[in-house]
1. Grab the other residues whose beta carbon is less than 13 angstrom from that of LYS7, score K and R as +1, D and E as -1, and report the net.
2. Give, as a single signed number, the net charge of other residues whose beta carbon lies under 15 Å from the beta carbon of LYS110, with Lys and Arg counted +1 and Asp and Glu -1.
3. Considering the Cα trace of region 16-78, what is its radius of gyration and what is Dmax, both in angstroms?
4. Modelled label-to-label distance, GLU73 and HIS229, 7 Å Cα→beta-carbon offset: nm?
5. Restricting attention to region 1-55, which GluC sites (Glu not before Pro) occupy a DSSP loop and are surrounded by at most 13 other Cβ atoms within 10 Å?
6. Excluding same-chain residues fewer than 8 positions from LYS199, which aspartates and glutamates have a Cα within less than 18 Å of its Cα?
7. Using 28 Å as the Cα-Cα cut-off, could you pick out the over-long pairs in LYS6/LYS81; LYS7/LYS56; LYS47/LYS81; LYS68/LYS167; LYS34/LYS94?
8. Kindly put ILE71, ILE143 in sequence by how many other C-beta atoms sit within 10 Å of each C-beta, fewest to most.
Amino acid sequence: MCTTNKKFTNLVEVMMHFSDNETCKEYLAQLRWKDGVVCPHCGNTEKIYTMKSCYKCAECRKPFSVTKGTIFENSAIPLQKWFAAIWLITSHKKGISSLQLHRDLGITQKSAWFLLQRIRYAVRTRSFNMPLTNTVEIDETYIGGKNKNRHADKKVEKSQGRSASDKTPVFGLVERNGRIVAMRVRDTKRATLMPIIHKSVTKNAKLMTDEHTAYRMLSSLYDHEMVNHSTGEYVIGECHTNTIEGFWSLLKRGIIGIYHNVSEKHLDAYVDEFEFRYNTKNITDVERFENMLYLGNSPRITYNQLINART
Ligand SMILES: [Zn+2]
């Protein structure tokens, strides 16, 4: 976890503290180079000159800025606005829409959308590789419109329940009192879900699922318990999937309430944003803010890559 022990409690304080570009840059440098400046061109850490508004590497002789290679690089949006946006995104439990951000920050909606997508991309490319352990609930859900809201000619048969004909499946694993791993999946067949499960949990984890056929095989490989939702069972002692279902409902309310609609193409980014928020729920707003800024060090993505990305 990366923090500087700064204390902000609201957006006004964030905006007052980061009153100019230089303050933002110094702060980013503190977060990015805790153990000293590293040249983003050649990796040199030895001799780096600090110039007026950038750095210069004594090794490769190239100048660079603290935003080099980050999501903030070459952005026409000032860093103060990026910081404000990151504060807004991380402190709103249900997220924030590009429309809201456009109004709050006085930037165009297109810029606001791009900024949000870049931040989500940064979250996504940060990999949390530690497998889940102890009791892990596993479940899948479907994101997409409901038939009752559609015009008659657009209704899709069997669009409810586990049919993926109309909705996008999202798969998730959550360690009780721990982290969540969630992602969009192609389908919810055993062949798709099994490799994800193997990769995401430890061998001795205790798995809780419902009776979906894809999960049946798990009993031969793991300590595994199933609740039979179709016969009205929801909780038998410790055996339930209420934690992951709570996450699904937060995700769905977020997507419906804040974003109204989400294209399949960008669903991953939204799921990741909610995953990030869930996984950092026990830290303070400032720590979450700094973590998100720190993630900004992920490779940057251009507007063209972003809109053409098949994510
Ligand atoms: Zn260098």
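Derivation of every value follows stated rules applied to the coordinates shown; laboratory data play no part. Just so you know, these numbers come straight off a predicted model, no measurement behind them. Cβ: placed from backbone, ideal geometry, glycine included. Neighbour counts: every protein chain shown.
1. Charge balance near LYS7 sits at -3.
2. +3
3. Both quantities, over Cα of region 16-78: 11.9, 38 Å.
4. 4.3
5. Listed in order of number, the matching sites are GLU46.
6. Counting by Cα, and skipping residues close in sequence, LYS199 has these aspartates and glutamates nearby: GLU137, ASP139, GLU140, GLU175, ASP187, ASP223, ASP272, GLU275.
7. From the list (LYS6/LYS81; LYS7/LYS56; LYS47/LYS81; LYS68/LYS167; LYS34/LYS94), the Cα-Cα distance tops 28 Å for LYS7/LYS56; LYS47/LYS81; LYS68/LYS167; LYS34/LYS94.
8. Ordered from fewest to most neighbouring Cβ atoms within 10 Å, ILE71, ILE143 come out as ILE143, ILE71.
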